[in-house]
1. Summing +1 for each Lys or Arg and -1 for each Asp or Glu, what net charge is found among the other residues whose Cβ lies under 9 Å from the Cβ of Ala69?
2. Starting from the Cα-Cα distance between Glu75 and Ser5, subtract it from 0.36 nm times their residue separation and give me the gain in nm to one decimal.
3. For the stretch 10-156, what's the relative contact order in percent, using C-alpha pairs closer than 8 Å and at least 6 residues apart?
4. List the residues whose amide H sits under 5 Å from the amide H of Thr38, counting only those 5 or more places along or on another chain, with H placed 1.01 Å from N in the peptide plane.
5. With θ set to phi - 60°, apply the Karplus curve 6.51 cos²θ - 1.76 cosθ + 1.60 along the stretch 91-98 and write out the HN-Hα couplings as whole Hz, x wherever there is a Gly or Pro.
6. Counting Lys and Arg as +1 and Asp and Glu as -1, what is the net charge of the other residues whose Cβ lies under 11 Å from the Cβ of Thr38?
7. Just name one of Ile127, Ser93, Pro103: the one whose Cα is farthest towards the positive end of the charge dipole of the stretch 10-156 (beta-carbon charges, Lys/Arg +1, Asp/Glu -1).
8. With springs only between Cα atoms under 10 Å apart, run a GNM on the chain and tell me which of Phe110, Phe14, Phe23 wobbles the most.
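Where a number appears in this text, it was derived from the coordinates with a stated rule and is not lab data. Keep in mind that this is a model prediction, so the values were computed, not measured. Note that each Cβ is placed from the backbone with ideal geometry, even for glycine, and that neighbours are counted across all protein chains shown.
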Amino acid sequence: MAQRSPVRMERTDFKQALNDVLFLLREELQSRDLQVVTDLMPEPVDILGDRTRLQQVLLNLIMMNSAEATPRGAEAVVTVRCRQVPKGEVEVSVSDTGRGIPPEQLERVFEPFYTTKSDGIGMGLSICRSIVEAHGARIWATTNHSRGNSFTFTLSQFKDAAVDP
Ligand SMILES: Nc1ncnc2c1ncn2[C@@H]1O[C@H](COP(=O)(O)OP(=O)(O)OP(=O)(O)O)[C@@H](O)[C@H]1O
Ligand SMILES: [Mg+2]
């Protein structure tokens, strides 16, 4: 994940990329009794970006962090949302119902080597942020209303110059 090669800004079907990640994770999610709910806009989500790197971001947010922070049980749900926002962007968020991050640490969690886990390196979110920023976009963490956190990032929508002058 720490490769330094430039991101490939290509037309990418984001829904397909997400579904592929969820398919890959299905057994692990099942074994953890964790449900992933998707709440995506009905239109196709064609974005401009690096499919593989964005899948690394999703994998990290969904499995490595949210699943780890979420206790097993009926409410063990991770929600992935995708919605259109102004300026030709889409906003993707991964929300969990886990133990949560103290509000004063919401920015620190992105720092390299910041970890609260005995076996953690503290690189996951730092790498997510580098990947998202290499796309010219932003990623941030918020506290959910009820329980847990959301990690939200933006992506540029792909615009077909031939169709959309
Ligand atoms: N979904 C989450 N819920 C609660 N705390 C989280 C969540 N995601 C990240 N954190 C907190 O942020 C810290 C940093 O996360 P990050 O992914 O960068 O590193 P890590 O998971 O500790 O180690 P690794 O390098 O293995 O990813 C975590 O140790 C944890 O305290
Ligand atoms: Mg991590």
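1. Values: positive: Arg99; negative: Glu68, Asp96.
Once positives and negatives cancel, what remains is -1.
2. On the way: separation 70, 0.36 × 70 = 25.20 nm, distance 3.92 nm.
Roughly 21.3 nm would be gained on extension.
3. Once normalised by length, the contact order is 24 percent.
4. Those lying under 5 Å, H to H, from Thr38 are Val80.
5. The phi angles translate into 10, 10, 10, 10, 10, 10, 10, x Hz.
6. Working: positive: Lys15, Arg81; negative: Asp39.
Within the 11 Å Cβ shell, the charges total +1.
7. Farthest towards the positive pole: Pro103.
8. Highest fluctuation among the options: Phe23.
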